[in-house]
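I have placed the structure first, in the form of structure tokens, so that the comments after it can refer back to it.
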Amino acid sequence: MAKVESLGIKRLESVHYYVRDLERSRRFYTELMDFAEIGGSSEELTKAGRQKSLAFMAGNAVVVCIEPRGEGGRASRWLKKHPDGVGTLNFEVEDVEKTFRLLDQRGGTPIDDVHSVKDERGNSIAFFSITTPFGDTTFRFVQRDGYQALFPGFEAHAEPRGGQNRIGFVGYDHTTSNFPTLAPAILWLERVMGFERYWEIEFHTTDIVPDQSHGSGLRSIVMWDPASGVKFANNEPWRPFFRSSQINIFCEEQRGAGVQHLALTVEDIIHCVKELRARGIEFMPTPETYYEALPERLKTMGVGSIDEDIGVLRDLEILVDGDGPGSYLLQIFLKESSGLYDESEAGPFFFEIIQRKGDQGFGAGNFRALFESIERAQAGTGPAESLGT
């Protein structure tokens, strides 16, 4: 496919997360994740939109949690169909009129025309939204000309409340979504969004199960916008055992395709994970067999030695992957929200935490090694658990 004109995306600015319990979200972000609460919807906007929002920020990562206040609002409509989850991704762009024109020409489906609003100082914000193949998740494109508020009707606190980001979050690394079938989303990202292929993998673990009675597998394609570096990892289940795969289970629990997780970058993952564990955050478990095989894996990958003590990584259950001498990444996955809250309607979404030390991949070795380790640890007792990219 010929290279197409860039949409002019600058960054993933924020995400809108629809929730049934806004106070629970406030506690999660400010007390456990050490995000600052920076403001929320005004009384007028809350009444007009029939939903209340609070915005939380750490580094450059902003999450806007939104709870219904009556019937008919966007949050109410989302939560009638889905568990809690990411319903909107907001992208800052250079020229919103150009972005609209390009998307319209390529077959994008705008929900509305470009809206423009000015503040009392004459600074402006312009934005519009489109539908996507990501289930009911929409994309919003925003151009700022000096406009500081997160969105029209947003009231910033005089001083941020709650957390102080002592954990050290920097920003968003990538967004990962799950689909029952991948091709429509990839074609849409290529032809409508103008994204390019960045990385891909497919594998299954049936080859290490003696009787091949079960296993876990997936196909994953990462797409990116080269101008901004914005990346989307996209997964589908891979046969056999399609229905019991983690990717398919997510789609069933989500009641459709959607955003599985957001990856947050940190400069010191060991400090971060220690802090989060001390605050009571739970992570997806890593079997002991993963670390037993890690020294040999590092040799096979050509990484060689790493700066961190493997014993410390084992204690904290941090994963390692890489591709070449001294180039690697460290990552860990929080337990999904339904597990954190012991409530199915809290949803299958979770956060990934990642520290990059030269490696710009997505943990290809971790996919395979972790799936294999779980298979061996279960010793054929049932379908393996799995993690997305």
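The values are calculated or read from the model by the stated rules, or taken from the named source; none is laboratory data. Model, not experiment: these values are computed from the prediction. As a convention, Cβ positions derive from the backbone with ideal geometry for all residues, glycine included, and neighbour counts pool all protein chains shown.
Here are the numbers:
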{"quantity": "Failed item, numbered, when Arg356 is tested on (1) without any contact (Cβ under 8 Å) to a residue 40 or more places away in the chain; (2) surrounded by 17 or more Cβ atoms within 10 Å (Cβ to Cβ); (3) basic (Lys, Arg)", "calculated": "(1)"}
{"quantity": "Single condition Gly146 does not satisfy, out of (1) closer than 14 Å to Val230 by Cβ; (2) free of Cβ contacts under 8 Å to residues at least 60 places away in the same chain", "calculated": "(1)"}
{"quantity": "Residues (farther than 22 Å from Val259 by Cβ and outside any loop (DSSP other than H, G, I, E, B)) located in region 155-185", "calculated": "Glu155, Ala156, His157, Ala158, Glu159, Pro160, Arg161, Gly162"}
{"quantity": "Any hit, region 238-253, residues being closer than 23 Å to Phe169 by Cα, assigned by TED's automatic domain parsing to the domain that holds Ile186 and modelled with pLDDT under 95", "calculated": "no"}
{"quantity": "Within region 296-317, tally of residues that are surrounded by fewer than 12 Cβ atoms within 10 Å (Cβ to Cβ) and either outside the structural domain of Tyr341 (by TED's automatic domain parsing) or not hydroxyl-bearing (Ser, Thr, Tyr) (or both)", "calculated": "5"}
{"quantity": "Some residue of region 90-109 being in contact (Cβ under 8 Å) with a residue 12 or more places away in the chain, touching a Phe, Trp or Tyr at 6+ places or on another chain (Cβ under 9 Å), under 23 Å from Arg24 (Cβ atoms) and in the same structural domain as Ser25 (by TED's automatic domain parsing)", "calculated": "yes"}
{"quantity": "Test result for Ala257, modelled with pLDDT of 95 or more, touching a Pro at 6+ places or on another chain (Cβ under 7 Å) and in the same structural domain as Lys357 (by TED's automatic domain parsing)", "calculated": "yes"}
{"quantity": "Residues of region 273-303 that turn out to be small (Gly, Ala, Ser) and part of a helix (DSSP H, G or I), as a count", "calculated": "1"}
{"quantity": "Residue ID - farthest from the chain's Cα centre (by Cα), chosen from residues in region 177-200 that are among the β-branched types (Val, Ile, Thr) and under 19 Å from Pro237 (Cβ atoms)", "calculated": "Thr181"}
{"quantity": "The lone exception for Arg77 - which of (1) assigned to a loop (DSSP other than H, G, I, E, B); (2) without any contact (Cβ under 8 Å) to a residue 40 or more places away in the chain; (3) out of contact with any Ser or Thr (no Cβ under 9 Å at 6 or more places or on another chain) it fails", "calculated": "(1)"}
{"quantity": "Residues that are acidic (Asp, Glu) and surrounded by fewer than 21 Cβ atoms within 10 Å (Cβ to Cβ), drawn from region 318-332", "calculated": "Asp323"}
{"quantity": "Pro325 at pLDDT 90 or above and part of a loop (DSSP other than H, G, I, E, B)", "calculated": "no"}
{"quantity": "Test: Ile249 is surrounded by fewer than 18 Cβ atoms within 10 Å (Cβ to Cβ) and under 20 Å from Asn366 (Cβ atoms)", "calculated": "yes"}
{"quantity": "One residue from Thr99, Thr88 being hydroxyl-bearing (Ser, Thr, Tyr) and either in a helix (DSSP H, G or I) or farther than 25 Å from Tyr172 by Cβ (or both)", "calculated": "Thr99"}
{"quantity": "Yes/no for Leu45 being more than 23 Å from His261 (Cα to Cα) and touching a residue at least 12 places away in the same chain (Cβ under 8 Å)", "calculated": "yes"}
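Let's see how each residue does on (1) more than 23 Å from the chain's Cα centre (by Cα); (2) among the charged types (D, E, K, R):
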site	(1), (2)
Arg239	yes, yes
Gln246	no, no
Ile249	no, no
Glu253	no, yes
Asp268	no, yes
Ile281	no, no
Pro287	yes, no
Leu298	yes, no
Arg314	yes, yes
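For every residue, the table says whether it meets (1) within 30 Å of Leu218 (Cβ to Cβ); (2) touching an Asp or Glu at 6+ places or on another chain (Cβ under 9 Å); (3) polar (S, T, N, Q).
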| site | (1), (2), (3) |
| --- | --- |
| Val86 | yes, no, no |
| Thr138 | yes, no, yes |
| Gly162 | no, yes, no |
| Asp173 | yes, yes, no |
